[in-house]
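Engineer: If you scroll down you'll find the structure; I have some questions about it.
The values are calculated or read from the model by the stated rules, or taken from the named source; none is laboratory data. The shown structure was predicted, so the numbers you read here are calculated from the model rather than taken from an experiment. All Cβ positions, even for glycine, are placed from backbone atoms using ideal geometry, and neighbour counts span all protein chains on display. Each accessible area value is taken on the protein alone, full model and side chains, heavy atoms only, with ligands, DNA and RNA left out. Shrake-Rupley method; radii C 1.70, N 1.55, O 1.52, S 1.80 Å.
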Amino acid sequence: MDKIFITGLGVVSSIGIGKKDFWQGLKEAKSGVKDITLFDTSNLKVKKASYIENFKPEDLFDPKKLRTLDRTTKLLLYASKLALDDADLNIEDVNPKRIGISIGTTLGSIWSISKFDRDALIDGPHFVNPADFPNTVINSPASEVAIFFGITGPCSTISSAFSSSFDAIKYAINLLNNNHADIMIVGGVDAFCEQVYLSLYRAGFLAGLKGQELSCPFDKRRNGIIYGEGACVFILEKESLLRNSKKYAYIKSLEGLFFPFSITKYDREGRGLKEAIERAIIKEKILKEDISYILSCANSTELDLIETNVIKDVFGKLAYKIPVSSIKGSVGETFSASGALNLAASLGSFELDFIPPTINFLEKDSFCDLDYVFNKPRFCKINNILINSVGFNGDNFCLILSK
Amino acid sequence: MKNRVVVIGLGVISSIGIGKDDFFDALINGKSGISKVESFDVSSFDRKYGGEVKNFNPLDFMTSKETKNMGRASQLAIGSSSLAISDAGISLDELKKYRIAVLFGTTMGEANIIELLDKEWVKKGINYVDKFFVSRATANLLSVNVGLHFKFKGINIVIPTACAAGNYAISYGYDLVRNNEVDFVFAGGSDAFSRIAFIGFNRLYAMSPDICQPFDKNRKGMLLGEGSAVLILSSLELAKKLNFKIYAEVLGYGLSCDAHHMTIPSPTGIADCMRNALKNADIKPEEVDYISAHGTGTLQNDKNEASAIKSVFLDYYKKIPVSSIKSMLGHCMGAASSIEAVSCCLAVYKDIIPPTINYKTPDPECDIDCVPNQAIRKTVNIALNNAYAFGGNNSCVVFKKFKNG
């Protein structure tokens, strides 16, 4: 089977827009968490989210064409444009029918769906703006990318919450391997959504309800997630059909596993993640010694310990020798974009020879005793990165990326 | 060596019948599932009709505790999955020994839950948002709920490519079985009758005031429907080993994107999609015996679809029966193409083609054979299932009569 290479990336994150700013932000241990100004939080015990400020899509696109689009779509368009430019991929130079799109998104469009409905409830069903209706379908962001750039190959959207980005990548690789496309535009996006924030708040998932309001993975003070948003897009190409593209990395192994446990609780034993990692390693006959770094999905909850224990289970004594870090202290929990942002961080590790830090570390948790990279980046050569993803719906993923 | 992929179980919940037998009987008898909308108040709308499923009782398929924790789209998805499992005649315990993928297509996801919240919000303000919102309202929950209900470990995703989504699920499932990544696929689609969708289509002036008449010159638009269907896919090898009844073989699929407009379909995009499907399935246009049309009954869709069929099948296009069962069911959105796929499987299995009902006046712009009003008996070796969606996300799946060797 052809190797699948990443030949371009575009990032729109709370710590930086564009790959350089994003990587620089990680290196500087920057945090994208800020006080919410998007809506009134005066009645709430928490005030923060990791959202994107200074996002100006009209810098890249005709404002007239952006008028009816929702935030999820604009974030995705922006990231897509950056990725296409980064890969030096001009749609006019290639056959647009052989380019496909596969995007993971779950939560973002809820805002648009609900807004359209409330407009109708308040103003009457005959007075809603019909131009807002397309925003209510979840495949709208990916389809707008197709429309904006004139891409006529397969266009797909995947919703699997935390795993969405990786499921979208897996879907894209399937299309490449089965000759439905030559190049795939893939990624994940979830925009900040007020209802989701409030629901997470009431369900007790947010940091600040039982402790300090910050995301501090693996720290003893961890007490919940900081909700975040982001969009991240990659260009995938098959080795046999590579243009003269820059090769950031190739996807060595990718294994997902839904483990039926609960709709809102992590499986304390982390059985799904363990099996996903083991499958990813075994399938491609990867030596555990060859993993130079584990990019964790720890989000400052009980998951941090679950993942720590799974790493110990899978790697045995070796677990203590592999550096581990989570960027969710910096970018928050971005749901469908989280996998893609981790992948973007990994490309930075390859390019700039560093491990992004887990920020906000202060108090040691004796149960979390791996070689975490805390607060400051670690500079070293990295060849293979293992990226984990675990969601509280039962979704698990493991992606192994090679230089 | 790639696996051959076959369909071994069918489950369907529709406005014209629950279970594949009732459903197909109603289809070939041209029964309409359209009635006055009851699930919400339509007094402020000038359109009143839709294809609601009136006799679905979720408690036939799950506990009352489960029903309280999920929206109707998930309930329909679990219902049609249960029906498909019974139809295949395999026990859950046996099934769980295998690698399973649960893939569900949808347009609106759990919009009913969002609609409930919106009503509260408008009345009392957003601070009343329910803590269960994230665990009940997000689209990914359709497949998650199916996975949790049956305790299926494996691949579990929702493909929300709107009204083509059911076909997308079958397509991906086909590749997963063909490439031996899983043993069984639950490829489904599910959508509950949604106020938001009703408002939207109404506002796009796409909705008919009474009946849905695909390909008729005087067609007045689509009607909204709801439902769910599941196809269980497996490799031929496994189907033989476990002695399954084989309804049809999946031969391949094609996808394309119009990249044209969010709500207006393009004939070029859908023609490309059918060509991609024929190429992927390695069959010639003249081998096609039946096309299950997207056929929504809107002026634009049917005209474009007919012209795309012409451009792909050339001289042959008038000889292929092309029917739209949306004439009976309305447009069940993300479930539409999975329900139509069940219809295609039964058409190749039973050699009967369901009609396009409500057809009166021929339209020179849609001069295909739309199987007007009466089902026909015909050997169906190859059936194509067309489905297009908002965003120009086009899909076409190819089914073949199963033959050994």
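Engineer: Is it true that some residue in segment A:329-352 is out of contact with any His (no Cβ under 6 Å at 6 or more places or on another chain), among the aromatic types (Phe, Trp, Tyr), farther than 30 Å from residue A:194 by Cβ and not in a helix (DSSP H, G or I)?
Structural biologist: no
Engineer: Got at least one residue in segment A:118-134 being within 19 Å of residue A:77 (Cβ to Cβ), under 23 Å from the mean Cα position of the chain (by Cα) and not in a loop (DSSP other than H, G, I, E, B)?
Structural biologist: no
Engineer: Here are B:224, B:231, B:255: which of them is touching a residue at least 12 places away in the same chain (Cβ under 8 Å) and in the same structural domain as residue B:370 (by TED's automatic domain parsing)?
Structural biologist: The match here is B:255.
Engineer: May I ask you to list pairs of residues, at least six apart or on different chains, whose Cβ atoms are under 9 Å apart, with the first in segment B:365-384 being of a type in the set (Ser, Thr, Tyr) and the second being surrounded by 14 or more Cβ atoms within 10 Å (Cβ to Cβ)?
Structural biologist: From segment B:365-384, the pairs are B:379/B:289; B:379/B:351; B:379/B:401.
Engineer: So, one more: Among the residues of segment A:164-177, is there at least one that is hydrophobic (A, V, I, L, M, F, W, C) and within 23 Å of residue A:368 (Cβ to Cβ)?
Structural biologist: no
Engineer: Okay, next question. Do you know which residues across segment A:8-24 are in a helix (DSSP H, G or I) and buried (at least 24 other Cβ atoms within 10 Å of the Cβ)?
Structural biologist: Matches in segment A:8-24: A:22 only.
Engineer: Further question: For segment B:171-196, which positions are small (Gly, Ala, Ser), within 11 Å of chain A (Cβ to nearest Cβ) and farther than 19 Å from residue B:281 by Cα?
Structural biologist: B:194
Engineer: Suppose we filter segment A:192-222 for residues that are open to solvent by less than 10 Å² (accessible area, probe 1.4 Å), within 14 Å of chain B (Cβ to nearest Cβ) and not in a helix (DSSP H, G or I); how many remain?
Structural biologist: So the count comes out to 2.
Engineer: Scan segment A:258-292 residue by residue and report those that are of a type in the set (Lys, Arg) and either in a loop (DSSP other than H, G, I, E, B) or more than 14 Å from chain B (Cβ to nearest Cβ) (or both).
Structural biologist: Those that are of a type in the set (Lys, Arg) and either in a loop (DSSP other than H, G, I, E, B) or more than 14 Å from chain B (Cβ to nearest Cβ) (or both): A:265, A:268, A:285, A:288.
Engineer: Here is a follow-up. Does residue B:133 count as over 19 Å from the mean Cα position of the chain (by Cα), surrounded by 20 or more Cβ atoms within 10 Å (Cβ to Cβ) and touching a residue at least 12 places away in the same chain (Cβ under 8 Å)?
Structural biologist: Yes, satisfied.
Engineer: Identify, by number, the condition in (1) in a loop (DSSP other than H, G, I, E, B); (2) open to solvent by 10 Å² or more (accessible area, probe 1.4 Å); (3) modelled with pLDDT of 95 or more that residue A:32 doesn't meet.
Structural biologist: (2)
Residues checked against (1) under 30 Å from residue B:221 (Cα atoms); (2) touching a Pro at 6+ places or on another chain (Cβ under 8 Å); (3) facing chain A (nearest Cβ under 10 Å); (4) not hydroxyl-bearing (Ser, Thr, Tyr):
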{"site": "B:51", "(1), (2), (3), (4)": "yes, no, no, yes"}
{"site": "B:59", "(1), (2), (3), (4)": "no, no, no, yes"}
{"site": "B:67", "(1), (2), (3), (4)": "no, yes, no, no"}
{"site": "B:75", "(1), (2), (3), (4)": "yes, yes, no, yes"}
{"site": "B:109", "(1), (2), (3), (4)": "yes, yes, yes, yes"}
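Engineer: Follow-up question, since we're still on this one. For residues that are under 16 Å from residue B:141 (Cβ atoms) and open to solvent by 40 Å² or more (accessible area, probe 1.4 Å), scanning just segment B:66-87, find the one that is nearest to the chain's Cα centre (by Cα).
Structural biologist: That would be B:72.
Engineer: Name, by its number, the condition in (1) open to solvent by less than 40 Å² (accessible area, probe 1.4 Å); (2) of a type outside the set (S, T, N, Q); (3) over 26 Å from residue B:332 (Cβ atoms); (4) without any contact (Cβ under 8 Å) to a residue 12 or more places away in the chain that does not hold for residue B:118.
Structural biologist: (3)
Engineer: If you don't mind, another one. Which residues, counting only those in segment A:85-136, are more than 8 Å from chain B (Cβ to nearest Cβ) and small (Gly, Ala, Ser)?
Structural biologist: Within segment A:85-136, A:87, A:102, A:104, A:108, A:109, A:112, A:131 qualify.
Engineer: Residues in segment A:167-174: is at least one surrounded by fewer than 24 Cβ atoms within 10 Å (Cβ to Cβ), among the aliphatic types (A, V, I, L, M), in a helix (DSSP H, G or I) and touching a residue at least 40 places away in the same chain (Cβ under 8 Å)?
Structural biologist: Yes, segment A:167-174 has at least one match.
Engineer: Does residue A:358 satisfy the condition of being β-branched (Val, Ile, Thr) and buried (at least 24 other Cβ atoms within 10 Å of the Cβ)?
Structural biologist: So residue A:358 passes the test.
Engineer: Need at least 2 residues that are open to solvent by 10 Å² or more (accessible area, probe 1.4 Å) and within 14 Å of chain A (Cβ to nearest Cβ) per element, so show me which helices (runs of 4 or more DSSP H) inside segment B:230-349 make the cut, counting only ones lying wholly within it.
Structural biologist: Correct list: B:267-281.
Engineer: Find all pairs meeting these conditions: Cβ atoms under 9 angstrom apart; at least six residues apart or on different chains; first residue within segment A:146-159 and facing chain B (nearest Cβ under 7 Å) and assigned to a helix (DSSP H, G or I); second residue among the acidic types (Asp, Glu) and crowded, with 24+ Cβ neighbours inside 10 Å.
Structural biologist: These pairs meet every condition: A:146/B:258; A:147/B:258.
Engineer: Scanning for something of a type in the set (A, V, I, L, M), at positive phi and surrounded by 24 or more Cβ atoms within 10 Å (Cβ to Cβ), does segment B:161-169 turn up at least one residue?
Structural biologist: Yes, segment B:161-169 contains at least one residue that is of a type in the set (A, V, I, L, M), at positive phi and surrounded by 24 or more Cβ atoms within 10 Å (Cβ to Cβ).
Engineer: Among the listed residues B:199, B:126, which satisfies the condition of being within 9 Å of chain A (Cβ to nearest Cβ) and open to solvent by 10 Å² or more (accessible area, probe 1.4 Å)?
Structural biologist: When all the criteria are applied, what remains is B:126.
Engineer: Filter segment B:142-170 down to the residues that are out of contact with any strand residue (DSSP E or B) (no Cβ under 7 Å at 6 or more places or on another chain) and facing another protein chain (nearest Cβ under 7 Å) and list them by number.
Structural biologist: Hits for segment B:142-170 are B:148, B:151.
Engineer: Does residue B:400 satisfy being within 20 Å of the chain's Cα centre (by Cα) and of a type in the set (D, E, K, R)?
Structural biologist: So residue B:400 fits the description; yes.
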